[in-house]
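The values are calculated or read from the model by the stated rules, or taken from the named source; none is laboratory data. Just so it is clear, the model here is predicted, and its values are computed rather than measured. Neighbour counts are summed over all protein chains in view; Cβ atoms, including those assigned to glycine, are modelled from backbone coordinates with ideal geometry. For the accessible areas, the whole protein counts, side chains as well, though only heavy atoms, and no ligand, DNA or RNA atoms are used. Shrake-Rupley method; radii C 1.70, N 1.55, O 1.52, S 1.80 Å.
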Amino acid sequence: MALLQIAEPGMSTEPHKHRLAVGIDLGTTNSLVATVRNSIAVCLADESGRSMLPSIVHYRADGSIDVGQSAVLAQASDPRNTIVSVKRFMGRGLKDVAHVETMPYDFEDSPGMVRLRTVQGVKSPVEVSAEILRVLRLRAEASLGGALDGAVITVPAYFDDAQRQATKDAARLAGLDVLRLLNEPTAAAVAYGLDNAAEGVYAVYDLGGGTFDLSILKLSRGVFEVLSTNGDAALGGDDFDHRLFCWALETSKQSPLSSSDSRRLQIKAREAKEQLTICEEAPIHLKLASGDEINLVITREKFAELTAHLVQKTLGPVRKALRDAGLGPEDIKGVVMVGGATRMPHIQRAVASYFGQEPLTNLDPDKVVALGAAMQANALVGNRKTEDDDWLLLDVIPLSLGLETMGGLVEKVVPRNATLPIARAQEFTTFKDGQTAMAFHVVQGERELVSDCRSLARFELRGIPPMVAGAARIRVAFQVDADGLLSVSAREMSSGVEASVLVKPSYGLSDDEIAGMLQAGVERAGDDMAARALREQQVEADRVIEATEQALAKDGALLDATERAHIDEVLAALRRLRDGDDHRAIKTGIDALARATDEFAARRMDSSIRSALTGHKIDEISV
Amino acid sequence: MGVTLSESAAKHVSTFIAKRGKGVGIRLGVKTSGCSGMAYKLEFVDEMHDEDLIFDSHGVKVIVDPKSLVYLEGTELDFVREGLNEGFKFNNPNVKDACGCGESFNV
């Protein structure tokens, strides 16, 4: 028989009407599932009472699949078929993945997303993630006593459309109905109830096992905007373990250990680190295979000293994220701590002293993201009071959407953090006389150059009536629906010809990692400006060269040989400069060509006026 | 007689109220609906009504409205685990038959 949960006053549901919803933190190292029960968000544990499911999938030769704890050991025995940290491959091409050469996998660079050859055939990261999600779904259904109505799944704030779509696909494959994807820092803020707080700016400090992320969020009118993100993809709690491991080796003066001893000492180091969170000192005691013993005691103070540089290293991204957001530590209203490594007292002290306030630590930092996702899921399926409806968070565009314009520059049409659904339109025009077609290239990213952004789609508008350059008015409309699906349409206003494209983000077209792109967008603002100036001058040079060539072809007879030779020379000089990378030199060349053709232009004008007047009486001409 | 909580149910209710941060007790009730005629109501209580009856069970206030008490007289609320699932269960001596899921019943 069904077991009942306690409802909020007046909120008892009709029998069989309570909707089961969960929040899932699909993490790089560990994943969790949570739900709201008896009005309280809780993580759901497996039969052994463990909430955290290691994000590891082992494809066995006999056709069975192990997920989580049971796959942990296979990492050493069968590395090629044991996929860890699959999240790094979601929506990514082979060239987007860092350190491929050090990974034990057999990669296949298929178009779009990278794939992995395993003993059970070629698997895409979507399928591997789906195995993890399926285990969490089954756990949730067993715990809640019924099929799930929906799930909210969290993703890093810097995930782009392709990575988000890949996550949604994995959920669908696992039999989950995705109510919404939620940014991880936003979920953590929700768990702390910050969404009900007054408006303000919050920092989310997320130090996981192997990665560090810092997000600056701004809450206004029920929308969490991601103002900036920064981080270090190769810094996490594991580095603290490793530092302690090295210290134990040095202090005990042991020669290099066997790999089995080494692994055991690493485990001891981690245990000692965890103990130091509660105690002032912790023993590291290990009997080696050789019979020797390592017998040490580490104090909290010593550990803090050993790892001080690691703590300092997290503050770099903190400073950068604040700078990107144009804020100082004093502007931050609250700091949320996420990730098991933030339990270390000296990290909490460092964060408190940097921000000048105690960070929020009363929720379990390993669970806080899943708990926030569960609260959001509970609200989305309608298990909350109607007056709380405004509690619903709105989705935002994670990275700006725009179009390629002449010279490989990006014209942003929909800015980052715009709330969904959204429609934005902008007018463009033709570049050349008599141009009858226009190619549109839809891109996503924060950088100024198309080559630094992710390409989403291309389409063409044909049948534009021939007009002089700049006379056609082409209205391009971007529309993003509530599910994040983008459609772009272009319409020439005088003739009404139209073309459109529906963008289902295609995987792996990116050149750069988006995580880097967000920060790079600000870090490299200087480079971008120079690049932009160069492209602008190149475009201008092309325009001037083409106009001069046309004029020479048409009215070259107006020039004598010397004049013609001079213009040709200046023209050739500009062509050479145009291919260089000095925008100032190109500008000089353009100016030189303008001066050289001044007289020629005047003569052309006279000549065209003469021909226009020929055969007309003076009074026929109105001025 | 009245309505009681098992020790386990009382312990869990107190924990939930503490975590929720407010609430004077728990309301047990019935309403007419569901596939077998009646359905249980189980809610936190922030405000009591004048006609409410209050039973004290293992230190937890159990609140029942007089109309519901007719159907609940002698009921014990238990907290049980079934595999990974856990929750509250009404042990109601008045029930003649219940629908398979146990969410609604007949007296």
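Model label sites at A:Asp555 and A:Arg543, defined 7 Å from Cα along the beta-carbon direction, differ in position by 1.9 nm.
Over the Cα atoms of chain A, the radius of gyration divided by the Kirkwood radius equals 1.09; this is the Rg/Rh ratio.
Evaluated at q = 0.20 Å⁻¹, a Debye calculation over the C-alpha positions of the stretch A:394-500 (equal weights, vacuum) places log10 I(q)/I(0) at -1.00.
Our estimate of slack between A:Ser262 and A:Gln275, defined as 0.36 nm per intervening residue step minus the Cα-Cα distance, is 2.7 nm.
Surface composition of the protein assembly as shown: carbon and sulfur atoms hold 50% of the protein heavy-atom accessible area at a 1.4 Å probe.
Give me the extension gain from A:Thr251 to A:Ser495: residue separation times 0.36 nm, minus the current Cα-Cα distance, reported in nm with one decimal. Gain on stretching A:Thr251 to A:Ser495: 79.8 nm. Here the stretch A:84-171 is treated as a Stokes sphere of Kirkwood radius computed over C-alpha pairs; at 10 °C and 1.306 mPa s its diffusion coefficient rounds to 112 µm²/s.
Taking 8 Å as the Cα distance limit and 6 or more residues as the minimum spacing, I'd like the relative contact order of chain A as a percentage. Reported relative contact order: 12 percent. Dimensions of the stretch A:1-120 from C-alpha coordinates, computed as largest minus smallest value along each principal axis and given longest first, are 59, 30, 21 Å. Interface between chains B and A: roughly 2600 Å² of accessible area buried, both sides summed (probe 1.4 Å, protein heavy atoms only). With 16 Å as the cut-off, how large is the P(r) tail for the stretch A:115-228, expressed as percent of Cα-Cα pairs? Of the Cα pairs, 67 percent sit more than 16 Å apart.
For A:Gln5, the residues 5 or more places off, or on other chains, whose built amide H falls under 5 Å of its own are B:Phe88.
With N set to the residue count of the stretch A:175-227, report its C-alpha Rg divided by 2.2 N^0.38 Å to two decimal places. Don't jump to the answer; show the numbers that get you there.
On the way: Rg = 12.3 Å, N = 53, 2.2 N^0.38 = 9.9 Å.
That ratio works out to 1.24.
Magnitude of the charge dipole for the protein assembly as shown, about its Cα centre and with charges confined to Cβ atoms of Lys, Arg (+1) and Asp, Glu (-1), is about 540 debye. Say the cut-off is 20 Å between C-alpha atoms; which of A:Lys95/A:Lys313; B:Lys22/B:Lys61; A:Lys333/B:Lys22; B:Lys31/B:Lys67 go over it? Over 20 Å Cα-Cα: A:Lys95/A:Lys313; A:Lys333/B:Lys22. A viscosity of 0.890 mPa s and a temperature of 25 °C, combined with the Kirkwood radius over Cα pairs in Stokes-Einstein, give a translational diffusion coefficient for the stretch A:44-105 of 190 µm²/s.
Tell me, what is the FRET efficiency for A:Arg323 and A:Glu293 to the nearest 0.05, using R0 = 45 angstrom and their Cβ-Cβ distance as r? If you can, show how the numbers build up before the last one.
Details: r = 50 Å, r/R0 = 1.10.
That pair, A:Arg323 with A:Glu293, gives E of 0.35.
In peptide B:84-91, how many Cβ atoms from other protein chains are near each Cβ within 10 Å, on average? The partial results should precede the final answer.
On the way: counts 12, 9, 6, 11, 5, 4, 2, 0.
Going residue by residue through B:84-91 and averaging, the value is 6.
Solvent-free Debye calculation, one equal scatterer per alpha-carbon of the stretch A:201-353: log10 I(q)/I(0) at 0.09, 0.13, 0.15 Å⁻¹ equals -0.35, -0.64, -0.78. For A:Glu427, the accessible area of its heavy atoms, probed at 1.4 Å with every protein chain present, is near 90 square angstrom. One equal scatterer on each Cα of the stretch A:144-288, no solvent, Debye formula: the resulting log10 I(q)/I(0) at q = 0.10, 0.11, 0.13, 0.18 Å⁻¹ is -0.57, -0.66, -0.81, -1.03.
Per residue of B:17-23, count partner chain C-beta atoms within 10 Å of its C-beta, then hand back the mean as an integer.
Details: counts 3, 1, 5, 5, 2, 0, 4.
Whole-number average of other-chain Cβ neighbours for B:17-23 is 3.
FRET efficiency for the B:Lys67 to A:Asn417 pair, using the beta carbon distance and R₀ = 41 Å, is estimated at 0.20.
To the nearest 500 deg cm²/dmol, what mean residue ellipticity at 222 nm is calculated for chain A from DSSP H runs of n ≥ 4 alone, each contributing -39,500 (n - 2.57), summed and divided by the residues?
Working: 16 runs with 222 residues, N = 623.
Taken over chain A, the calculation gives -11500 deg cm²/dmol.
FRET efficiency for the pair A:Ile609 and A:Thr436, taken as 1/(1 + (r/R0)^6) with r the Cβ-Cβ distance and R0 = 25 Å, rounds to 0.25.
Hey, what's the Kirkwood Rh for chain B if you take every pair of different alpha carbons, in angstrom? So the Kirkwood estimate lands at 14.2 Å. Test of the criteria: in the stretch A:547-617, which trypsin sites (Lys or Arg not before Pro) are in a DSSP loop and have at most 13 other Cβ atoms within 10 angstrom of their Cβ? Taking the stretch A:547-617 and a limit of 13 other Cβ atoms within 10 Å, the loop trypsin sites (Lys or Arg not before Pro) found are A:Lys617. Solvent exposure of chain A, expressed per residue, is 45 Å² of accessible area, with all protein chains present and a 1.4 angstrom probe.
Take the Cα of A:Arg221, go 7 Å toward its beta carbon, and the backbone nitrogen atoms of the stretch A:175-212 under 18 Å from that spot belong to A:195-201. Heavy-atom accessible area, probed at 1.4 angstrom with all protein chains present, ranks A:Glu131, B:Glu47, B:Glu76 as B:Glu47, B:Glu76, A:Glu131, highest first. Could you pull out the GluC sites (Glu not before Pro) across the stretch A:276-311 that fall in loop regions by DSSP (anything but H, G, I, E, B) with no more than 16 other Cβ atoms inside 10 Å? Those that pass, being in a loop and sparsely packed, are A:Glu280.
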